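One structure is given here, and the rest of the page talks about it.
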Amino acid sequence: MVGHGRIYSYNGAKAIVKSLYTPAYITAPLIVPQSISGGSQLPLNTLVIYAEYTDGYGVVLEVCQEDWSSGGDISSHVADKSNPHEVTAAQVGALPLTGGTMTGNLLYDCASATRDIRFQNSGNNNWTVAIRGDTPSQASSVILYDVTNLRTVWSYLTNGNFRIVRPLDIYGGLTAPLSIANGGTNAATAAAARTNLGLLRMVAGSVTITVTNANSVYNAGITFSPAFASQPTTCATAYGANPGRWSVSTGAATASAMTIYATSTVAGDSVIVRWMAVGT
C-alpha cells in the first residue's frame, strides 16, 4: 500500500509514520533511505510518501513539500493502469498502434501455427503470411494465404522450391493469364503436354541376353511404365563383344510392353542389347 503521512516517531533508524488519511493508523517501522535522509533522521512531523508491504516491511519513498491530506489516498491513483498521465509511446520508446518506423530487425518467433502476421483492409481482403505448408493445418513452409477465399497464393517450400498455387497474371507485355504448368501448355499431365506440343515420348534401356543352345531363339520382355498412349515404334541392337554373332529383333509391341528376340551362333554366348521405343 502507498500512503501519505507525517513522521510520528522512530524505532532506531526506522521511521514510524502516522497516516494523514486515517489518523488512527500508524505504520510499522519504515526504512528511510540515505538518499532521502541525508545520513541523519528526518525531523518529526516531516511529510512523507511511504509504501508498506503485506509482509510487514516498508520504506519511505519521498519527502513531501506540501500537505496532501485533502487530496485523498493516492493508492487508487498508483493502481490506475489507464494511463492517467497520458504517457505517449514515443516517451517510452515504443511504436504507436497507428504505425511508426523501426530501424532494426524484427524477430517474430511464433510458437504456434495460428500466430500469423495478417494484413487486412477494413476487415476485407485478409492476407496472412505464415509458416505452414500449402494449407493452414500443415506446418513447415512460408506461405502467403488468402484468408478471405481460404486458399494459398504462393509458398516457399522447405526443399527450396517456390510454388505459385494460383494463376499468374503478368501485365504489361501480356494481357491474359499465363499458365506455366507442364511446359506452359496448361496440360494436366506430362503426356497431355506432349500431345499439345506435338512431341513424342522416347524410352530407352539395355538388357543382357545369354543363349544356352546355339541358334536357338531367346527373348526378353520390357515393360513401359507408364504405358504409352498407343503402340510405340521399337528397335534393338546387339552391343559389346562379338555382336556379329548375334541376330536381334523386336516383336510386335503394345502400349505397355515389348519383346526382344536374340539368337547367337555360339552356345553360352552373352550380349548386351540396347533398345528404344518412341511414341505418344
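Remarks
- Distances between placed amide hydrogens fall under 5 Å for T280 paired with R201, A229, S230, all partners being 5 or more residues away or on another chain.
- Modelled spin-label separation between Y218 and A13, with each label point placed 7 Å from Cα along the Cα-to-Cβ direction: 10.6 nm.
- Treating r as the C-beta distance of T148 and S225 and R0 as 51 Å, the FRET efficiency rounds to 0.75.
Readers should treat all values here as calculations from the given coordinates under stated rules, not as data from a laboratory. These numbers come from a predicted model, not from an experiment. Neighbour counts run over all protein chains shown; Cβ positions are idealised from the backbone, glycine included.
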